[in-house]
Amino acid sequence: MCDILRRMGYMPGQFDSTDTATKALKMLRKGDFDLVICDWGMHHMSGFQLLETIQSESALVQVRVILIVTDIQENDAVTAGVQLCVVDSDDESLLRIEIEKVFDMMRESVQAPP
């Protein structure tokens with residue numbers, strides 16, 4: 001994932017990486033993040049469980065989440081209410097589109113009148 005983000009023009013310092021959802025949650029609680037990109041099938045805590053936790057904590061609800069899923073998991077993700085998911089993390093163009101959508105939504109919400 002880090003290699004893909006670098007190829008997309010993101011520089012070290014603009015993103016962080018970890019190998020478990022539990023560590024990601026600790027990082028989120030300590031840092032200032034706009035977006036999480038995670039795999040549905042992570043160890044100890046699934047990407048979906050991470051999403052649910054993010055949505056349930058008032059300090060994190062503004063963080064957008066893109067879940068990377070397999071073809072088989074896509075139906076589960078949609079049924080579970082996941083709004084942003086990408087099938088097959090190796091497809092850089094799909095991931096780029098979803099990341100751009102997230103940042104467009106964030107810009108629109110900042111520009112929207114109260």
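The values are calculated or read from the model by the stated rules, or taken from the named source; none is laboratory data. Keep in mind the model is a prediction, meaning the values are calculated, not measured. Cβ atoms come from the backbone with ideal geometry, glycine included; neighbour counts cover every protein chain shown.
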Apart from one, (1) out of contact with any Asp or Glu (no Cβ under 8 Å at 6 or more places or on another chain); (2) charged (D, E, K, R); (3) within 14 Å of Leu35 (Cα to Cα) all hold for Glu74; the odd one out is (3)
Which numbered condition trips up Leu35, out of (1) out of contact with any strand residue (DSSP E or B) (no Cβ under 6 Å at 6 or more places or on another chain); (2) of a type outside the set (Asp, Glu); (3) modelled with pLDDT of 85 or more?
(1)
